[in-house]
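Shown next, in C-alpha cells, is the structure this report addresses.
Coordinate-derived values only; no laboratory data. Computed from a predicted structure; not experimentally measured. Every residue, glycine among them, receives a Cβ derived from its backbone with ideal geometry; neighbour counts consider all protein chains shown.
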Amino acid sequence: MNTIAPSKNSPMIALTGVHKSYGNYEVLKGIDAEVARGEVVVICGPSGSGKSTLIRTVNRLEEIGSGSISCDGNNIHQPMPAKELNRLRSRIGFVFQSFNLFPHLSAIDNIAMSPMRVKGLQRDVAYAKATKLLERVGLADKANAFPAQLSGGQQQRVAIARALAMEPPVMLFDEPTSALDPEMVGEVLSVMKGLAADGMTMMCVTHEMGFARDVADRVWFIDQGQIVESARPEDFFSRPQTQRAQRFLSELRH
Amino acid sequence: MISDIIAIIRDYWLLLLIGQYPNGPLGGLAATLLLSILAIAFAFPVSIALALARLSNSPFLNWPVTALVYFTRGVPLLMLILWGYFLVPLVTGANVPSFLTMLVTLVVYQGAFLSEVVRGGIVALGHGQMEASRALGHSYLGAMRYVILPQALYNVIPSIISVFVATIKDTTLGYVINVPDLTFAASQINNQLLTQPFQVFFILAAVYYVICWSLSRVAIVTERRITRKRAGTASQATAKSLKLAALTDQPS
Amino acid sequence: MSNFDLSEILGNPEYVAMLLLGIKMTFVVAIGSWTLAMTLALLLLGLRYAPGPVGNAFVTAYVSYHRNVPTLVQLLLWYFGIFTLMPDPVTFWLNDHNAEAIFAVIGLGLCQAAYFSEDLRSGMRAVSPGQMEAARALGHSYVSAMRFVMVPQGSRNALPALINHSVSLFKNSSLAVAIGVAELTYAVKEIENLSFRTFESYLLVTVLYLVFSLMIMALGAYVARRADPVRSGRA
C-alpha cells in the first residue's frame, strides 16, 4: 500500500519542503534534499541548528508541520495505520547518541529480539543472524554480556548490529560517537566505514569531520533550520561557500 | 444517610475533638495529634543518634542498631504495642497511662524507621562532602554536625513529613491498649448508637483523610521546592531518594 | 513474674494447636490479600495508561483514599460499616464462610493494591524514555514495546518497593485481629490470657513474626538478584 515501486534511479530518501516548529520556535524552515541509493550523507552544523530534529523526522520519531518525506518509495508522514508505520520504521535503521540498548537483555538478545517479535523470524534464524552481526562489529566474544558490562564503544557497536538485524536498506545515525570517550570513537567509526564500503545508504549527524572527509559522498551543512550548503566533502572543507560554514569550520578547528 | 452523618457530628463533635476532657483524659482528635507530634518530636533526635550509630565502624554501636532496625521492620507494630504495655510498667514500676505507653512504643518504632531515612540522606550525599570537611581539619563528628547533617536533614524533610503522616495513621493501633484517641472516640460513639456503624466509621475515615491528605500535599510541595533548590548539585541523589520514598511510604 | 519457661507453652498441646491455627490464619490473610492486591494493582496500572482522563482520575482517587486513611479504619469501615449495609442473603453467606477473614482479605488487599500500583508506576517511570524510542525505531508496536522492553525493566525497577510493601502487608495482617480474625496476634492474646505467661507467649509470637518477615525479605532479595541479569550469573 502507498508504495511506489522503487526504481534503481529514484532517491532513497527525499525531503520536500519540510517545516517543523516547537510552539513559536521554527526548528526546520523548509528542507529540500535527497539522498541517493548507496550514498553516504554527513549532516553537520552548530548545536541547535536542527540537525538532530531533521534526522529524527525521517523515521517519524518527530512529527513534521508541513512538507513530505519519502524513504525507499514510502511516504513516511502521511496518515497511516500504526501497523504500517511500525513496518516502515523496521525498514529504517536508527542509531542513537545514547545507544538505548535494552539493559535487561544480553548483547545477542538485544540483536535477536526485534527480528523475532517484529518480523516473526524463527528463533534459530534470528540468533544465527545475530551471531554473524556480532562478528561483523567485532564483538563475537561479548554475545552474552549485558549492556552494563560493555564499554560505551562496545554498546554502540551492539546498537548498530541491532539496527542492522532488521535488514534496513538505509541507516540513520544521530551523533553516534558524541557520548563516547575519545579512545572509543575509532572503533565505532570503523564499523560505520565498513557499512559504507558495503554500499549501505547512510545519513549521519556527526562532528567527526575526519569521518566526513573519508567516507561521505556529500556533506550537508545545516544552520538555523535550513540546509545552507550541500557539497562534496573535499569542496566543503577546502572551499566553504558561505560565511556561516566558514565560521563553523574555523571554530571546529580550534 | 447524609442526615444521619450530620446528626452524629452535631451530637458528638466535642467527643470526637477532645474525648472526655476535662472530665477524663484528653482524647479524640486532639489526643491523636498530640500523640503524633510528641512521637515524631522525640523520635527525630533518637533517629539521628541511631543513624550515626549504624554508620559508625564500631560493631558495638553498629550491630545493636542494625538488629533494632530489622526487628522493627519485621515485627508488627501491634506486637510492639503489646510489648510496651507489658514492659513499660515493669520498668517504671508504676501504672502508666496508656497514652504514655503508646508514646514510648511509637518513639522506638518510628525512631528506628526514621533512622533509616536519615541514614539514607547521609549516604546519598556521597563521600565528597565528608572528605572535603576532613581535609579542612574538621573532626568526624564536627563534619557531621556542621556539614553533613545540615544538608542530609534538609534533604529528607519531605520523608520526615511522610513519617509523620504514617505516625498519625499508626496511632489508631492504640485501640489494643485503649489509648483514648480519635478511633477510640469513634468506637465509643458506635457502641452508644449501635445502629449506624457505617455512618460513624465513615466520619472517622473522612477526618483521617482530610488530615493525612493535607499533610501529604505539604510533603509533596516541600519535596518539589527542595528538588528545585538542589537541582544541579546532587543529581546522584535522585536514584537513592527513589528508594527512600519506598521506605517511608508505608501503609499502616 | 515466675521463672522464664517456654515449655509452659510449647509443652501444652492446646496452646501449640492455637499457635498453629494462628499461623495458618495469618498466612491465609496475608497470601489472600497479597494476591488480591497484586491483581488489582495491575488493573489499576492498566487504567493509568488507558487513553482518556477518566481512568487516571479514578486511580488517583483510589490511591489517595487508601493511602490517607489508616488501614485499621479501612478494615473497621468494611467489617462494621459496609458489611451491615449488604443485603441479607449476602450477609448470611458471608457469615457461613468466615466473614471476618474475607473482609480482612478485602480490606487489606484493596489498601495494598494502591501501594503496589504506585510502586509499579514509579518503576515504569524510571525506565528511560530512550528505551521506548529505540523500540519504536526498530518497528515495535506500542504494545510490543511495552511487553518486551518497558514492562520487564519497569517491574525490575519496582521490585525493591514491592518487596518492602509485601513485608508491611504481612505485618499488617495482624490488624485483622481488630475485626476478630483468629490469626497469630489473636492467638497470642488467647494464650496469654489462659497461661498468664505474658513474656513467653509474646516472645514466641514475636520471633515467629520476625522469622517470617525475614524470610519474605530473603525471598525478595533472591528474586531481585535473579531478576538482575548482570548479577544473576547468567552473563
For the stretch C:1-66 the chymotrypsin sites (Phe, Trp or Tyr not before Pro) that pass both the DSSP coil test and the at-most-13 other-Cβ-within-10 Å test are C:PHE4
Using θ = phi - 60° and the Karplus form 6.51 cos²θ - 1.76 cosθ + 1.60, what ³J(HN,Hα) does each residue of the stretch C:146-154 get, whole Hz, x for Gly and Pro?
4, 5, 9, 10, 6, 5, x, 6, x
Taking only Cα atoms of the protein assembly as shown, what ratio of Rg to Rh do you get with Rh as the Kirkwood inverse-distance radius?
1.07
Taking only Cα atoms of the stretch C:48-183, the Rg to Rh ratio with Kirkwood Rh works out at 1.11
Could you point to the residue in C:TYR15, C:PRO70, C:ALA134 farthest towards the positive end of chain C's charge dipole, with +1 and -1 charges on the Cβ of Lys/Arg and Asp/Glu respectively?
C:ALA134
Aspartates and glutamates near A:LYS119 by alpha-carbon distance under 17 Å, same-chain residues fewer than 8 away left out - which ones?
A:GLU84, A:ASP109, A:GLU167
Just report the Cα centroid separation between the stretch C:7-28 and the stretch C:42-113, whole Å.
30 Å
How many partner chain Cβ atoms sit within 10 Å of a residue's Cβ in peptide A:60-66, on average, as a whole number?
1
Which of the listed residues, B:TYR146, B:VAL218, B:GLY120, is farthest toward the dipole's positive end in the stretch B:2-248, when Lys, Arg count +1 and Asp, Glu count -1 at the beta-carbon?
B:TYR146
For the protein assembly as shown, the charge dipole (Cβ of Lys, Arg +1; Cβ of Asp, Glu -1; about the Cα centre) points to a positive end, and the Cα of A:SER238, A:LEU249, C:VAL211 closest to that extreme belongs to A:SER238
Phi angles of the stretch C:107-124, converted by Karplus (6.51 cos²θ - 1.76 cosθ + 1.60, θ = phi - 60°) into ³J(HN,Hα) in whole Hz with x for Gly and Pro, give x, 5, x, 4, 5, 5, 4, 4, 5, 4, 5, 5, 4, 5, 5, 4, x, 5
Tell me which residues come under 5 Å, amide H to amide H, from A:VAL27 once H is placed; ignore anything under 5 positions away on its chain.
A:LYS20, A:SER21, A:TYR22
Answer in debye to the nearest 20: the dipole magnitude of the stretch C:98-182 about its Cα centre, from +1 Lys/Arg and -1 Asp/Glu charges placed on Cβ, is 240 debye
Averaging 1/r across every pair of distinct alpha carbons in chain A and inverting yields a Kirkwood hydrodynamic radius, in angstrom, of 18.8 Å
So for the pair B:ARG217, B:ARG230, with labels modelled 7 Å out along Cα→Cβ, what separation do we get in nm?
2.6 nm
Give the lysines whose C-alpha is closer than 22 Å to that of A:LYS20, dropping any in the same chain fewer than 8 places away, or say none.
A:LYS29, A:LYS51
Just to check, using Stokes-Einstein with a Kirkwood Rh over alpha carbon pairs, what's the diffusion coefficient of the stretch B:2-248 at 37 °C and 0.692 mPa s in µm²/s?
164 µm²/s
Can you show me the helix-derived [θ] at 222 nm for the protein assembly as shown, built from DSSP H runs with n ≥ 4 at -39,500 (n - 2.57) apiece and divided by the number of residues, rounded to the nearest 500.
-20500 deg cm²/dmol
Dipole magnitude (debye, nearest 20) for the stretch B:2-248, charges at Cβ of Lys, Arg, Asp, Glu
960 debye
Taking the square root of 5λ for each eigenvalue of the C-alpha gyration tensor of the stretch C:7-234, the equivalent ellipsoid has semi-axes, largest first and in whole angstrom, of 39, 24, 12
Angle, helix C:198-227 long axis vs. longest principal axis of chain C, Cα atoms, 0 to 90°, nearest 10?
20 degrees
Residue by residue through the stretch B:39-54, the couplings from Karplus 6.51 cos²θ - 1.76 cosθ + 1.60 with θ = phi - 60°, in Hz, x for Gly and Pro, are 4, 6, 5, 7, 5, 4, x, 4, 5, 5, 4, 5, 5, 5, 5, 6
Can you tell me the FRET efficiency between A:ALA82 and A:ALA197 if r is taken as the Cβ-Cβ distance and R0 is 41 Å, rounded to the nearest 0.05?
0.70
Give me the angle, in degrees from 0 to 90, between the Cα long axis of helix B:98-125 and the longest principal axis of the Cα atoms of chain B, rounded to the nearest 10.
30 degrees
Compute a Gaussian network model of chain C, connecting alpha carbons closer than 10 Å, and tell me which residue from C:ALA30, C:ALA113, C:ALA134 fluctuates the most.
C:ALA134
Which value, in debye to the nearest 20, gives the size of the charge dipole of the protein assembly as shown about its Cα centre, when Lys and Arg are +1 and Asp and Glu are -1 at the Cβ?
1500 debye
Need one value for A:110-121: mean number of C-beta atoms belonging to other chains within 10 Å of its residues' C-beta atoms.
3
If R₀ is 35 angstrom, what is the calculated FRET efficiency for the pair A:LYS29 and C:ARG147, using the beta carbon separation as r and rounding to 0.05?
0.30
The local net charge around A:GLU63, scoring Lys/Arg +1 and Asp/Glu -1 for residues other than A:GLU63 whose Cβ lies under 11 Å from its Cβ, equals +2
Computed over chain C: relative contact order in percent, which uses C-alpha pairs under 8 Å that are six or more apart:
29 percent
Given H placed on each backbone N at 1.01 Å, which residues far from A:VAL40 in sequence or on other chains put an amide H within less than 5 Å of it?
A:MET202, A:ASP217, A:ARG218
Out of residues 5 or more away from A:ILE222 or on other chains, whose amide H comes under 5 Å of its own, with H placed 1.01 Å from N in the peptide plane?
A:CYS44, A:GLY45, A:VAL228
Please compute, for peptide C:73-85, the average count of beta-carbon atoms on other protein chains lying within 10 Å of each residue's beta-carbon.
5
